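Encoded as structure tokens, the structure appears first; notes follow it.
None of the figures in this text is laboratory data; all of them are computed from the coordinates on show. Here the structure is a predicted model, which means the values were calculated and not measured. Cβ sites come from the backbone with ideal geometry, for glycine too, and all protein chains shown count toward neighbours.
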Amino acid sequence: MLKDFNSKTVGIFGAGFVGENVIKKLAKSGHRIKIASRNPYLKQNLKLLGEMGQIELIKINIFNESQVSSFLNEVDVCINLVGILYEKGEYKFEKLHFKFPELITKIVKEKKKIKQFIHFSSLGVKDGTDSKYLQTKFRAEKYIKNSLQNYVIIKPSVVFGPDDKFFNTFAKLARIFPVLPIVGCEVKFQPCYVGDIGDAINYIVETETLAKTYELAGPKRYKLYELIKLMLKEIRRKNVIIPLPFGIGKFQAFFMQLAPKPILTIDQIKILESGDNIITGENNTFSDLSILPRSVESIVPTYLKYHRPAGQFTK
């Protein structure tokens, strides 16, 4: 049973790792949720995050304007979490990171019922980089801010938590390879716990925040090699870390990006080259949402233990 008459109908594009946590928090607060999906039959588990009838899965093609517009009918809040880390087939940065947000923005502008458009970008996004990932994200941010008054831009740092693609990927590699060649060892990150992002979005929806940009990052900054060392300590392994120059990294990535699901691409190295992934001080943060972000050290041990030599039973 939904909590009260103040509950909103929230339309969500992108129900992956971060999206699932956002859905969980919004459902707990009693909001009705519509999830856009290419194949709803593969996402039925998301309905378990709410009460009977609270979460609805709708099959749509996000590249079809009429379907997107129809999906957003009767929606109070629109949240866009669609994004990719690498290009494959028809899924291009330009198409997903710029054209799709551009389409949503135009539709939101027409539909007066939609009070908030919450768009997920990324920390470190800026103009003048060689990375297509960063370029398209920057253009989307700029377009949304110039077109709407009811926007909220979310810029998280590297996101961690159970099922993340950051610590878990490095841990899987460490289980296979005794030596870990790492590009961008000195680049700084400020990892953000996925549960804190869910809390942030719930707060923004509940308070009906508008026309603000939030840089969401954890309480501590680390160099990349420090994060790798922390991961190795947690999984009780003594792999050797070999720092690689960006040039050699790009040569390596040229071949690795040919894999169906590459763990490294040239564009990702260009992101590392662009600078640190930390808060700039130019935008709002967790403190403006009355949220105390949780640290890597307090969360990572709860799920990386399964990568230890004897799993969770390793001392």
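Side notes on the structure shown:
- For the range 153-172, backbone nitrogen atoms closer than 15 Å to the point 7 Å from residue 17 Cα along Cα-to-C-beta are found at 156-172.
- Cleavage-rule hits (trypsin sites (Lys or Arg not before Pro)) in the range 230-289: DSSP loop, at most 11 neighbouring Cβ within 10 angstrom: 238
- Dipole check for the range 89-167: with +1 at the C-beta of Lys and Arg, -1 at the C-beta of Asp and Glu, and the Cα centre as origin, the magnitude is about 460 Debye.
- Computing Cα extents along the principal axes in Å for the structure here picks out one of [x] 56, 44, 39; [y] 51, 51, 41; [z] 69, 48, 35, namely [x].
- Potential lengthening between residue 176 and residue 283 on full extension [0.36 nm per residue; Cα-Cα distance subtracted]: 34.5 nm
- When the P(r) of the range 1-155 is calculated, the portion above 22 Å amounts to 40% of the C-alpha pairs.
- Over 14 Å [Cα-Cα, the range 50-134], rounded percent: 69
- Expressed as a fraction of 2.2 N^0.38 Å, the value expected for a compact globular protein of N residues, the C-alpha radius of gyration of the range 182-282 is 1.33.
- Between the amide H of residue 241 and those of 180, distances stay under 5 Å, these residues lying 5 or more places away or on another chain, with hydrogens modeled in the peptide plane.
- Placing unit charges on the Cβ atoms of the charged side chains and taking the dipole of the chain about its Cα centre, the candidate lying farthest along the positive direction among 97, 7, 302 is 302.
- Average Cα contact separation per residue, the range 65-167, under 8 Å, 6 or more apart, as relative contact order %: 28
- For the residue pairs 126/172; 25/112; 47/142; 43/220, the C-alpha atoms sit more than 28 angstrom apart in 126/172; 47/142; 43/220.
- Distant-in-sequence amide contacts of residue 118, defined by a placed amide H-H separation under 5 Å and a gap of 5 or more residues or a different chain, comprise 78, 79, 80, 152.
- For trypsin sites (Lys or Arg not before Pro), the sites in the range 96-187 that DSSP calls loop and that have at most 12 other Cβ atoms within 10 Å are 112, 113.
- Long-range HN-HN contacts of residue 183 with modeled amide H, under 5 Å: 244
- Per residue of the chain, the DSSP helices (runs of n ≥ 4 H) give a summed -39500 (n - 2.57) that works out to -10000 deg cm²/dmol at 222 nm.
- Counting only Cβ charges, +1 for Lys and Arg and -1 for Asp and Glu, the dipole size of the range 1-64 around its Cα centre is about 60 debye.
- The trypsin sites (Lys or Arg not before Pro) found in the range 2-88 that occupy coil by DSSP, while having at most 11 further C-beta atoms within 10 Å, are 3, 38.
- Remark: the range 163-273 carries a charge dipole of roughly 760 debye about the Cα centre, counting +1 on each Lys and Arg Cβ and -1 on each Asp and Glu Cβ.
- Gaussian network model of the chain, springs between alpha carbon atoms under 10 Å - residue of 272, 292, 72 with greatest fluctuation: 292
- Cross-link table 95/212; 92/188; 28/109; 8/305; 106/250, entries beyond 31 Å C-alpha to C-alpha: 8/305; 106/250
- A straight line joining the Cα centroids of the range 177-201 and the range 100-144 runs 23 Å.
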